[in-house]
1. Sum up the charges of everything whose Cβ sits under 10 Å from the Cβ of A:Arg503, counting Lys and Arg as +1 and Asp and Glu as -1, but leave A:Arg503 out.
2. Helix B:466-479: angle to the longest alpha-carbon principal axis of chain B, degrees 0 to 90, nearest 10?
3. Given Cβ point charges of +1 (Lys, Arg) and -1 (Asp, Glu) and nothing else, what value in debye, to the nearest 20, does the dipole of segment A:155-287 about its Cα centre take?
4. May I ask which residue of A:Gly445, A:Ala509, A:Thr128 lies farthest towards the positive end of the charge dipole of chain A, with charges of +1 (Lys, Arg) and -1 (Asp, Glu) on Cβ and the Cα centre as origin?
5. Would you mind getting me the FRET efficiency between B:Gln295 and B:Arg495? Use the beta-carbon distance for r and R0 = 60 Å, nearest 0.05.
6. Over chain A, what is the mean sequence separation of C-alpha contacts under 8 Å (at least six apart), divided by residue count, expressed as relative contact order in percent?
7. Give the relative contact order (percent, whole number) for segment A:432-503; include only Cα pairs under 8 Å separated by 6+ residues.
8. Over chain B, what relative contact order in percent results from Cα pairs under 8 Å that are six or more residues apart?
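Where a number appears in this text, it was derived from the coordinates with a stated rule and is not lab data. Please read these numbers as outputs of a predicted model, since none were measured by experiment. Because the Cβ atoms are built from the backbone with ideal geometry, glycine has one as well, and the counts that use them run over all protein chains shown.
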Amino acid sequence: MRAALEIVESQCAGLCILVVVVGFATGCRKDDADDVQAMDAGSRTAPWFVDITAEAGLDFVQETGATGELHMPEVIGAGAALWDFDNDGDLDIYLTNAAFGLGSADRNGEPRNRLYRQEPDGRFVDVTASSGLGDTGYGMGVAVGDINNDGHLDIYLCNYGPDRLYRNRGDGTFEDITVAAGIDVNGWSCSASLFDYDRDGFLDLYVTQYVEYDAATKCSDFAGRRDYCGPNSFYGVPDVLLRNNGDGTFTDVSEEAGIASIAAPGLGVICADLNGDDWPDVYVANDGKANQLWINQGGRGFLDEAVMMGVALNGQGMGEAGMGVVVADFDGDADFDLFISHLGVPRAETNTFYRNLGGTTGFEDATAECGLGASSVAYTGFGTAGFDADLDGDVDLFVANGAVMRRPVLPGSEVAPPWDRYAEPNLFYLNDGTGRFELQVVSAGPVCTRVEITRALATGDIDSDGDVDLLMSNIQGPARLYRNEMPRQGHWLIVRALDPRLRRDAIGASVTVHLEGRQILRMITGGSSYLSSSDLRAHFGLGRANKINRIVVRWPDGLREEFQVGEVDRILELVRGTGGPES
Amino acid sequence: MSQRRKRIRPVPPRPIVSERRRHWGRRFMWLAVAVVLLGSSVILLVHDGSGMPEFALLGAVAIPDPDLAGMEPRVSQRIRDARAAVFGQPSSAEAWGRLGQVTDIHELYACATICYRRALSLNGQDFRWPYMLAIVLERQGRDADQVVSLMRAAIRLQPDYAPAHVRLGDTFARAGRLSEASEAYQTAIALDGALGLAHRGLGQVLLRLNEVEAASRELEQAVELTPADAAAFTALAQAYMRMGDRQRAAEAAAASRGKQGVHALSDPVWLEVVAAGISSSICVERGKRFLQQSQFGPAIREYKIAEEVMPDNPYIQRSLGVAYMNTGQWDTAITYLSKAVSLKQDFVGARITLGTLLLNQNRLDEAITQLRWAVEAAPDKGDVHASLATALAKRGNLDDAIAEFESAAALSQLDAKALTNWGTALAQRRQISQAVVRFGQALQLDPDNPTIHYNLALSLESVGRLDQAIEHYSRAVEVNPIHPASRRLALLESRLRARDRQTPDNR
């Protein structure tokens, strides 16, 4: 309480202090301050996440190209990826930018996406020009994966407008192969995920489609003030499934796979085996409509079973404004749970946590029981990630926030008008080991107290020190890189699962680390959450365990293989075929 | 495991008591300073430019003065009026409450909170103020205890108001206080057993409590009482799934997909707040709801208000067209739908509605223009192909009509009407055997339709299948004794009698 009040006071002067006092006298300002006070559950020691954006040389600033016409894509976009495009063992950065194409004839100085290569000293160098990845489409999300099994990560760009697929030549340059690959996705793509839905060894693409946006449509809020339109002003659009033919081309199989049977405003997506049948499924977070859980029918197509599985609507039957989605074993019971970020004020949705009940029974909304409800109502969540921030062996949770409808300017906003009305702080929750979460905003530091309009959130161990760092994209603002400096509660392990036949990361594999008396489950995904793609390696906090009994990898085709590794605190490469049968 | 980890994790320091006291001391010091400053002026405006309400101070009472910049004039005027009423009667709970309602519905929640609080302090016996205050606080994500306390205060004032118990149950459910939620829903059901949302809420809570069979019973009641509530079907699907009944789960899930969404709580007290809304967005929302409920008059009223603010919004024009169409005011409907299409050339939905309406009005050329456009823009909609085919058939363009019917049938299951029109076009092209097939299919879908029997009989008669023709004429007459089939039947029977008389056996 006290710390939050000090924040309010320290950012005000003169009359502003009076505002606080008057607020206390009348009850008004106190209410408004409650939003901040409610968040405060930590100490004021050194921040757990340190902003290293400047020292790392990351100088990207997202430009919306806004002209005051309030075009909807302006408030949706800004994707981010953490990936090792040059195979040098460290993570590089890719960030999408918007364009001046909406409502402006100004094509000069067009914003571009940018690629940053990490140097051995940890600094990031802009290599956009030499790489050929300076795409000028109106950028949304990013998905990363090796689509031609040549050992180099390729990149798919979701745009408002034609999407793009770039092939990594392996020499630091990329080639736009969109047309050659037969890809013609030209609507409003948001997030994409690479996965091998038919298990033929080649990564396919699932691309969420948002709405049939009409730039001429003007919208206003409930008080009649012009504001960005919401998804209900337009028709939703069916998502797209692109099957990799294995010869460098893709075929749009949305119709035959059943995906095109539902038109909804899709934003976030994640591909994972959610019913334990060894076939990857697809979960799509829709904006204001029921979500989809596309259950894979043995590689032949998909059926939406979200309603039956309890993940279409929240526990009270409300369709929420789904943005980002993360799959992780939050409660440590060896199955994957779901967490989805949502719209906050003025719609007052919580973010929602769906606990996996096991088997094919489905999920239940356990948001309140897990302590994730009330704290999220005040903000609109987008990018989200589940990772073991303090290495204690459980999955903690981060939610990147930023409004899509104007709201009162929050104290500490670092964004210039008119965008300051959309800026919000982020949320960081620590898992207590049982699947209950506690908000830790002040302790987390600027990553949470800074008030910006954050969208994508990508995670990965940027400095190879064994913990998970954060990359965030902001609307009309700088991308931010935060180094994890949390006090460590245990040992760690990073696993890269490789399939030598395919010469690439085993996207879709799950990795279980068996320790004395417990096991920890992680998944390898190719694009998830919201507009983002994270480190393809699985990260484990191990708590006090200093010895690993065994690691079991469930490869994407269902084969289980066991590896004996023993030691902790290192980065491992587990190569398919070099382990033994599961004991 | 958790305990073990808790020991190794550093416990974040909490504010200690002395700090808190010091802190409160500081608050009071500032409060004293503020009182001195405030006392020196009658009206002091403080505003941080953030959209937070300003305060005009009248004596000791602060009247919120929200930033009205950019609002629609009728909204700002309504707020000014409500505010003026408070100035006029600063100790009127009604005036404060009204300002609360007006700001609440326009999503100025901080202001609404202040106003409801003030109304409550002025009249603690009026159920509405704690009730609305609880709702607005919950909408801002405030602490559940605070909301519960206010809702309970409201319930003490009006214990038999079932919607309050449903809302209390919802609050408990959101906070994960499931047994208390269950109690609240049960109280609501005891007060009004027909309250489907209370049964649904109770069912959802029981599901979370893993009392699956009890949940399914409640949810079955919920879907019976509120068959339009998708949320109830959704929860029922989950209950069946957890009971291992995948078949019934799939059926309930399928049923949920056809519903409009979450059924709104019937809450007359809250409707007072809703009625205070005047912005075009609110009118559109209300209009949508009225349309969904087939209340076309009120829908027109709402959309007309919205139209004043946004005359060039094609969606409002289309909605007005749809509402007028459903009240039988065809020409007005056509005017609005035409405007929607002119404002948004690629508005497929509006073109389909307009085309269908023009078809029904026999304005065939115009209908064909709209429907052709729609078919080109959305070639996968079988029903639109069928409408176009019908228009073409009526226009006498039989070959094109038949081709469109074929396209329609390839895309979707045709209804009896489309099959009949298809059959008619085929019959007119003298493709009788195919026509008979289509009429037969139509009869499978609508076995008592006299027109289909009649058309089929005509086709059969034309190819000399007279007994069958008589059978279907007779069926048409049986269903509708004054159907033209009766004349055809009489003629045919007379012809047959004459023929029989002329046969050699009878000579």
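1. That sum, taken over residues with Cβ under 10 Å, equals -2.
2. 40 degrees
3. 660 debye
4. A:Gly445
5. Working: r = 54 Å, r/R0 = 0.89.
For B:Gln295 and B:Arg495, the calculated efficiency is 0.65.
6. This gives 15 percent for chain A.
7. On the way: 70 pairs, mean separation 14.3, N = 72.
Computed over segment A:432-503, the figure is 20 percent.
8. Values: 676 pairs, mean separation 25.1, N = 507.
Over chain B, the number comes to 5 percent.
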